[in-house]
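Remarks on the structure that follows.
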Amino acid sequence: MQKALQPVLELSRDLYALRAAVGVLSWDQETYMPPKGGEGRARSLASLARVMHQRFSDPRLAEALEAAATAAGLSEEERAVVRELRRDRDKAVKIPEALAAEIAETVSLSQRVWAEARPKNDTRAFNPWLAKVIALRRKEAECLGYAETPYDALLENYEPGARTSYLRGLLTDLKAQLVPLLGRIRTAQGDAADPLAGKVFPLEGQRAFNQTILAAMGFDLEAGRLDESAHPFTEGTHPEDVRLTTRYSESDLMSALFSTLHEGGHGLYEQGFQSEFFGTPMAEAVSLGLHESQSRLWENQVGRSRDFWSRYYPDLQKVFPGPLGALGLDGFLRAINRVQPSLIRVEADEVTYNLHIVLRFELETALFGGELEPEGLETAWNEGMRRNLGIAPSAPSQGYMQDVHWSCGLLGYFPTYTLGNLRAAQLFDAARAALPGIPADIRAGSFGGLKGWLNREVHRHGRRYDGDALMEKVTGRKTETKPFMDYLETKYGELLGIR
Ligand code: ZN
């Protein structure tokens, strides 16, 4: 590492050490913290957030970054460290402290109101808070500045470099292809009962099987853990301490398995950075859209494939001979790939999932732009659901109040889920083109080739490239809908015999 970078590295490692502490406290809050610990924990997290903001505003950081930015002889990766730290610092100092505090407080209150209002479908309690949160995000966007439209400033928080206009084009194109495919699949599929429904899968067997799969993927259990939480997540506190969670249900075997594969994919990304850059943006994911591509690739392209289950289904049958003994591989594959329009995004299958995201994107850009007010959201939601999926909820708890995101002002977040799905298919194609043995490896339960390719092509670059620049470098093209649509067409063509 260049000497000119030393002062920057020291300050950066200090910042990332604080961030790691925040990570462990947040992980603990969702896993092992006793119920009464909430208030004390919130205070610790708020104090750490203040210290981090002070560190970002510290003139020594600005000076060190300026000096390093003009230093000669830095490698491209070292320049990326300086560029990305400057980006983070600029963002942090552009928001006045009073506004940052107002956002933090409002968002925390709004989330509490949402949690209470949702089960009661109390839109009159929630809507004014939603309006407040959106107004604050507009102020934030004005402070941050933007390329074309204020919503771009929010995208920058999750998918640096992405533009609203570009995402609108991508999602409109995707919707136009998914709606007719959904119709064809539904016709071919008929309405046979789900062979996994009503069965019981004891948790002990599930836990052991999930640990086996996670280790087989190449997740280093000496540098990470798998625990349980209400909502599965990954907390990458440090590349050598990556915390994953999953959730088990006796009546739903696949929920935990797909969560483990999903979070395992996130976990491999978090463990895949270059050790010399630990404590810098080069040991951090590019964007949420890229992160989600890693989780979806393992969950879907690998974990819902015939190749994967031709290796693991016999093992799974041995663990659960009662419920699975009489169900063959073909029936199992149709069951885990079943397409069914549903109200809840997180339970959606691969075909309908992105239609949920398209709706959220359409509505949140309208809300943010002022063309839609929270009072009109329920009607707009139900119309959109009917148009995209042919069903609509009878209550907002199953509709626009289902996700936590809007209550905490996470606008610009939803599109990254679809970027992840599209990129997963596109990257998996590129991996197989580079290493044609991957399908046979998967059939043998050997994932080293695929994991190594992802480490080399995606993970080790940290934040050196933005999301689409990395896609272009690795696959030759920006994020597109075609590889994903081809993947769905091929898969459902084979499963259901449709063209
Ligand atoms: Zn994810």
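The values are calculated or read from the model by the stated rules, or taken from the named source; none is laboratory data. On a predicted model such as this, the values are computed, not experimentally measured, just so you know. Here the Cβ is made from the backbone with ideal geometry for all residues, glycine too, and neighbour counts use every protein chain on show. Just the protein is used for accessible areas: all its heavy atoms, side chains included, with ligands, DNA and RNA removed. Shrake-Rupley method; radii C 1.70, N 1.55, O 1.52, S 1.80 Å.
Dipole magnitude for the chain: computed about the Cα centre from +1 point charges on Lys and Arg Cβ and -1 point charges on Asp and Glu Cβ, it is near 500 debye. Sorted on the mean count of surrounding Cβ atoms within 10 Å across their residues, most packed first, peptides 170-181, 323-334 read 170-181, 323-334.
Can you put GLU77, GLU10 in order of accessible area, largest first, using a 1.4 Å probe? Don't skip to the end; give the middle numbers.
Working: GLU77 35, GLU10 130 Å².
Result, largest first: GLU10, GLU77.
Taking every DSSP helix (H) stretch of at least 4 residues in the chain, weighting each as -39,500 (n - 2.57) and dividing the sum by the residue count yields a mean residue ellipticity at 222 nm of -21000 deg cm²/dmol. Dividing the mean sequence gap of close Cα pairs (under 8 Å, 6+ apart) by how many residues the range 3-145 holds gives a relative contact order of 23 percent.
Once C-alpha pairs closer than 8 Å and six or more residues apart are averaged by separation and normalised to the residue number of the range 206-359, the relative contact order reads 15 percent.
What is the Rg over Rh value, at two decimals, for the range 3-145, using alpha-carbon atoms and the Kirkwood definition of Rh? If you can, show how the numbers build up before the last one.
Working: Rg = 19.0 Å, Rh = 17.8 Å.
Computed over Cα atoms, the ratio is 1.07.
If you wrap the tightest convex hull around every Cα atom of the range 208-260 and split its volume per residue, you get 71 Å³.
Take the Cα atoms of the chain, build their convex hull, and give its volume per residue in Å³.
Values: hull volume 75.2 nm³, N = 499.
Dividing the Cα hull volume of the chain by its residue count gives 151 Å³.
Peptides 143-150, 424-431, 233-240 ranked from most to least packed give 424-431, 233-240, 143-150, packing being the mean of other C-beta atoms within 10 angstrom over each peptide's residues.
Looking at the square roots a ≥ b ≥ c of the eigenvalues of the Cα gyration tensor of the range 332-473, which shape do they give, rounded for a/c under 1.5, prolate if a/b is larger than b/c, or oblate? Please list the in-between numbers first.
Values: a/c = 3.21, a/b = 1.71, b/c = 1.87.
Taking the square roots of the gyration eigenvalues as a ≥ b ≥ c, the range 332-473 is oblate.
So what is the orientation-averaged projected area of the range 261-331, using the convex hull of its C-alpha atoms, in nm²?
Details: hull surface 24.7 nm².
With the hull built on Cα positions only, its mean projection is 6.2 nm².
Can you give the accessible area per residue of the chain, in Å², using a 1.4 Å probe?
Details: 21320 Å² over 499 residues.
With all protein chains present, the chain gives 43 Å² per residue.
The listed residues ASP191, ASP468, once ranked by accessible area (1.4 Å probe) with the largest placed first, stand as ASP191, ASP468.
Return the loop-located chymotrypsin sites (Phe, Trp or Tyr not before Pro) in the range 9-76 (DSSP other than H, G, I, E, B) with at most 14 other Cβ atoms within 10 Å of their own Cβ; answer none if there are none. Don't skip to the answer; put the middle values down first.
Values: sites: TYR16, TRP27, TYR32, PHE56; in loops: TYR32.
Filter output for the range 9-76: TYR32.
For the chain, with all protein chains in place and a probe radius of 1.4 Å, 51% of the accessible heavy-atom surface sits on carbon or sulfur.
For the chain, what is the relative contact order in percent, using Cα pairs closer than 8 Å and at least 6 residues apart in sequence? Don't skip to the end; give the middle numbers.
Details: 660 pairs, mean separation 99.0, N = 499.
Worked out over the chain, it gives 20 percent.
Against the compact-protein benchmark of 2.2 N^0.38 Å, the Cα-based radius of gyration of the range 421-499 scales to 1.19. Accessible area per residue was computed with a 1.4 Å probe on protein heavy atoms; HIS266 scores about 20 Å².
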